[in-house]
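See structure below.
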Amino acid sequence: MIKHLRILGLFWSTSLAAEMEYRTNLALAIITALGNLVGAVFAMKLFFIHQKTLGGYSEPEAMVVLGYFVLLSGFANTVMVQNLSRIVTHVREGTLDFVLLKPIDSQFWLSTRNCSPWGIPNIVLGLGLIAYAGWQLKFDAIAYLTGVIALAAGLLMLYSLWFSLGALSIWFVKVQNITHVLYQLLEGGRFPFTAHPTFNRFFFTFVIPAAFLTTFPAQVMIGRNDFQQYLGASNIGLYLIVVAMAVAMFIFARYFWRFTLRHYTSASS
Amino acid sequence: MPIIEAENLTKHFRVAVKQPGVWGTLKHTFKRKHRIVEAVKAVSFTIEPGEIVGFLGPNGAGKTTTLKMLTGLIHPTGGKATVTEHVPFRRDAAFLKRITLVMGNKQQLLWDLPAMDALRVNAAVYEIADDVFKQRVDELVEMLELSDLLYQPVRKLSLGERMKTELLAALLHQPDVLFLDEPTLGLDVNAQTAVRRFLRDYNQTHGATILLTSHYMADITALCPRVMMIHHGEMIHDGSLTGVIERFAPYRELMLDLEEPTDRDVIAQYGEVVSVDQQIAKLLVQRDVLKPTVQRVMEELPITDLTITDPPIEDVIARVFSTGIVTEDSPYPEEVAAGHDR
């Protein structure tokens, strides 16, 4: 564990050093993140001028969902997208060989080798948004604690989905477009899932679990349960289901990766 | 106790076959035809600790596939491999710490960063203590004559410097077994010599076992007392480098300086004539009758000088791989010839 943390520190310090060669990029990333945020908040404000609720969520409640969305997309940009695109490159150019020959878990290496600072502004702004809405809604410590656990479950789900998709490159080699799939998946979580039409609700819950990524952490903080009518579970039951689902997806991603590796043929010289 | 053992090692690949043209592409998109390529066919050999073995074969002969099976990157279709008493494909940490793979056409160093950054990551991954790390880097820097190049971004290095840095990165954990796939690919003559010298020194100082593939015969003749030749996935020779000449070219070349122009037919009595040009004649003589033939030539022909040479090893090997000509005593002539027809 300590070994892995040490390696993680080296991974991130080296890849940040490589990225910091391009400082203008960071400035642009901050501006883009701010612009996106202002746009999203503005759209929501506009909506709430005439409406009291969005899918049953009040304005600050919907803002918690938006906060989680911004936070997750920041996380995706910082770690996931960076590494996902490298998996594809590794497979195509055959440099995956070097990773597989290191005495370290290849999934750990491939998932964490790179990080980019460009998503950090989003992470900060997402947290700020949740804190601001939380202050308006007067969240207590327990709300924050449950929110953090739900967020962790959401991140684990997003990661597992993302890595399983990346593992497909062993078979199909060219799967760069998966990055877009990942973004679209997140996009489904921008607003409370109850604001979507019924079909989409079903889709975002059972097909791609976007609802669990943003709406669920928000609602455990707020203390609602919008899933009851779909899953028929109480709040605590639902909580357990989501955590179990996240763990199950993670285990699946691990096995799937090992399974695909058996089919790795390695790009020829 | 051999450090590398391969027993009937076999690898088949399933590859999609595509016809050229638009129609071929359409058909390929919807219905793929596959065929099985037998990249490596039941290859067996053993290598003892400390040996340097050259692995020869034309492109597509199955060299890299064999190396990848021995390093555990790909799963063999059949047969058994044991390296440092481990089954490679399990890729146990204990196994991976004892081997390394260097590929001349792929690099593990990060393009934008100094090599030192990647080396530190490797040190952490291989759990090398700081003082040991420093000592090994110093030693390898000296052997490879890299001086302070480790602190420059990799993209600023020349190809030769980059290869040497790759070698450093690959050897930091002091592996016992080195798999080198074309380590001198694309390097100029000086850099090639430097890499060769380094590999020989490394083998001597650390007793490391080296299995090396190369298209440059100079690499092989300089480093490898033993060569394995693979052709169409089959092992056609495993033995000493001089054995290659004896087995595949059991003749020597005689060059005669004659006092006066001599008739071709006269010279042909002594061996197979390669060329006759005025007073210079070249002929091939079977090894087993070399001595009596030379005696007869000296007694019977008006010569001023006589030179005996081995046919160049490059030529011998190139001829084996390109024409499949194998001598009569070879146990594999049919297979090689058949392989060539395919």
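The values are calculated or read from the model by the stated rules, or taken from the named source; none is laboratory data. Predicted, not measured: the structure shown is a model, and the values here were computed from it. Cβ placement follows ideal geometry from the backbone for every residue including glycine, while neighbour counts extend to all protein chains displayed. Areas reflect the complete protein model, heavy atoms only, side chains present, ligands, DNA and RNA absent. Shrake-Rupley method; radii C 1.70, N 1.55, O 1.52, S 1.80 Å.
Quick notes on this structure:
- Sequentially through the range A:152-168, phi angles give Karplus couplings (6.51, -1.76, 1.60; θ = phi - 60°) of 4, 4, x, 4, 4, 5, 4, 4, 5, 4, 4, 5, 4, 5, x, 4, 4 Hz, Gly and Pro residues having no value and appearing as x.
- Inter-label distance, B:E127 to B:T46: 3.1 nm, where each label sits 7 Å from its Cα along the C-beta direction.
- Take every pair of alpha-carbon atoms less than 8 Å apart whose residues are at least six positions apart; their mean separation over the length of the range B:1-150 yields a relative contact order of 23 percent.
- Cut-off 15 Å, label 7 Å out along Cα→Cβ of B:E38, residues of the range B:222-241 by amide N: B:231-236
- Near-label residues of the range B:210-245 by backbone N, under 12 Å of a point 7 Å along Cα→Cβ of B:T77: B:233
- Three principal axis extents of chain B based on alpha-carbon atoms, in descending order, are 74, 56, 46 Å.
- Rounded if a/c under 1.5, otherwise prolate or oblate - the range B:42-93, Cα gyration tensor axes: oblate
- Peptide B:71-81 - average C-beta neighbours from other chains (10 Å radius): 3
- Pair A:D105, A:F252: separation of 7 Å Cα→Cβ label points (nm): 1.9 nm
- The Cα atoms of the range A:2-261 cover 57, 43, 35 Å along the three principal axes, with the biggest extent listed first.
- In the B-A interface, the accessible area buried, summed over both sides, Å² (probe 1.4 Å): 2700 Å²
- Extension gain, B:H215 to B:Q269, is 15.6 nm, computed as 0.36 nm per intervening residue step minus the present C-alpha separation.
- Relative contact order for chain A: 26 percent, from Cα pairs under 8 Å spaced at least 6 residues apart, divided by residue count.
- Extended-chain gain in nm, criterion 0.36 nm per residue less alpha-carbon gap, B:K291 and B:S158: 42.8 nm
- Rounded to 0.05, the FRET efficiency of the A:E187 and B:A318 pair, given R0 = 51 Å and the Cβ-Cβ distance, is 0.25.
- Burial of 20 Å² or greater, the range A:92-121 residues [accessible area, probe 1.4 Å, versus chain by itself]: A:T95, A:D97, A:F98, A:L100, A:L101, A:K102, A:P103, A:W109, A:R113
- Calculated accessible area for the protein assembly as shown comes out at 47 Å² per residue, all protein chains present (probe 1.4 Å; ligands, DNA, RNA ignored).
- Other-chain or far-sequence residues with amide H under 5 Å of B:V102's (modelled H): B:F179, B:L180, B:D181
- Lysines whose Cα lies under 29 Å from that of A:K102, excluding same-chain neighbours fewer than 8 positions away: A:K3, A:K174, B:K11, B:K41, B:K63, B:K68, B:K80, B:K97, B:K106, B:K134, B:K156, B:K164
- Rounded, prolate or oblate (a/c below 1.5 giving rounded, otherwise prolate when a/b exceeds b/c) for the range B:250-309 by Cα gyration tensor: prolate
- Residues A:T89 and A:M245, FRET efficiency given R0 of 41 Å [Cβ-Cβ distance, rounded to 0.05]: 0.85
- Considering only A:H4, A:A29, A:T14, the residue lying farthest towards the positive end of the dipole of chain A is A:H4, judged by Cα position with unit charges set on Cβ.
- Averaging the sequence gap over all C-alpha pairs within less than 8 Å and six or more residues apart, then dividing by the number of residues, gives chain B a relative contact order of 17 percent.
- Sites B:T304 and B:W23 - FRET efficiency at Förster radius 45 Å, r taken between beta-carbons, to 0.05: 0.05
- Element breakdown for chain A at a 1.4 angstrom probe: carbon and sulfur atoms account for 69% of the accessible area.
- Phi-derived couplings, Karplus 6.51 cos²θ - 1.76 cosθ + 1.60 at θ = phi - 60°, listed residue by residue for the range B:269-275: 5, 9, x, 7, 6, 8, 7 Hz, with x used for Gly and Pro.
- Calculation over all alpha carbon pairs of the protein assembly as shown in 20 angstrom steps from 0 returns a P(r) of 16, 38, 28, 13, 4, 1 percent.
- For the range B:250-309, a simple Cβ point-charge model (Lys and Arg +1, Asp and Glu -1, everything else neutral) yields a dipole of about 340 debye relative to the Cα centre.
- In sequence order, the range A:245-260 has phi-based couplings of 4, 4, 5, 4, 5, 5, 4, 4, 4, 5, 5, 4, 4, 4, 5, 5 Hz under the Karplus curve 6.51 cos²θ - 1.76 cosθ + 1.60, θ = phi - 60°, and Gly or Pro positions carry x.
- Estimated inter-spin distance, B:K134 and A:V38, nm [label 7 Å along Cα→Cβ]: 5.1 nm
- The residue among A:L100, A:G134, A:L71 whose Cα reaches farthest toward the positive pole of the charge dipole of chain A, with charges on the beta-carbon of Lys, Arg, Asp and Glu, is A:L100.
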